[in-house]
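Q: This is the structure, below, for whatever I ask next.
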Amino acid sequence: MSRLTGPPADVPTLIEIVHPVVAGGAASDGVMVVDPASAEMQELMVRRVLQRIDLVLEKHLHEAIEQLILEHVDGLLPRLREEIELVVRESVSQAFGQESTAFAARPESRQQDVP
């Protein structure tokens, strides 16, 4: 049997125990110590979560706004139809009035009195 003598010389070996610093943890002298790697990871995580939230919110807001607009338009349609009908009637009436006045003013359109 062969004895294990340890890792090869070119492989790094842990020779001391490293305790991770907790973000916001208190140091022995009462000063707050923030691990830069931990703070960067937290910032990265916050950015990624916000990006995901933005995508979900954008989708839901788009759907909600679309639904509100459709409901509003559905409520406006009867009133719009009434307004369009009123404008068309007034326009046609005005056009007929102008044409009948112009028609009556033409000499060839006047009837001659029959004795």
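Q: Scan region 93-115 for residues that are of a type in the set (A, V, I, L, M) and at pLDDT below 55 and jot them down.
A: Val114
Q: Confirm whether Ile69 is over 32 Å from the mean Cα position of the chain (by Cα) and modelled with pLDDT of 90 or more.
A: no
The values are calculated or read from the model by the stated rules, or taken from the named source; none is laboratory data. Bear in mind the structure is a predicted one, so any value in this text is a computation, not a measurement.
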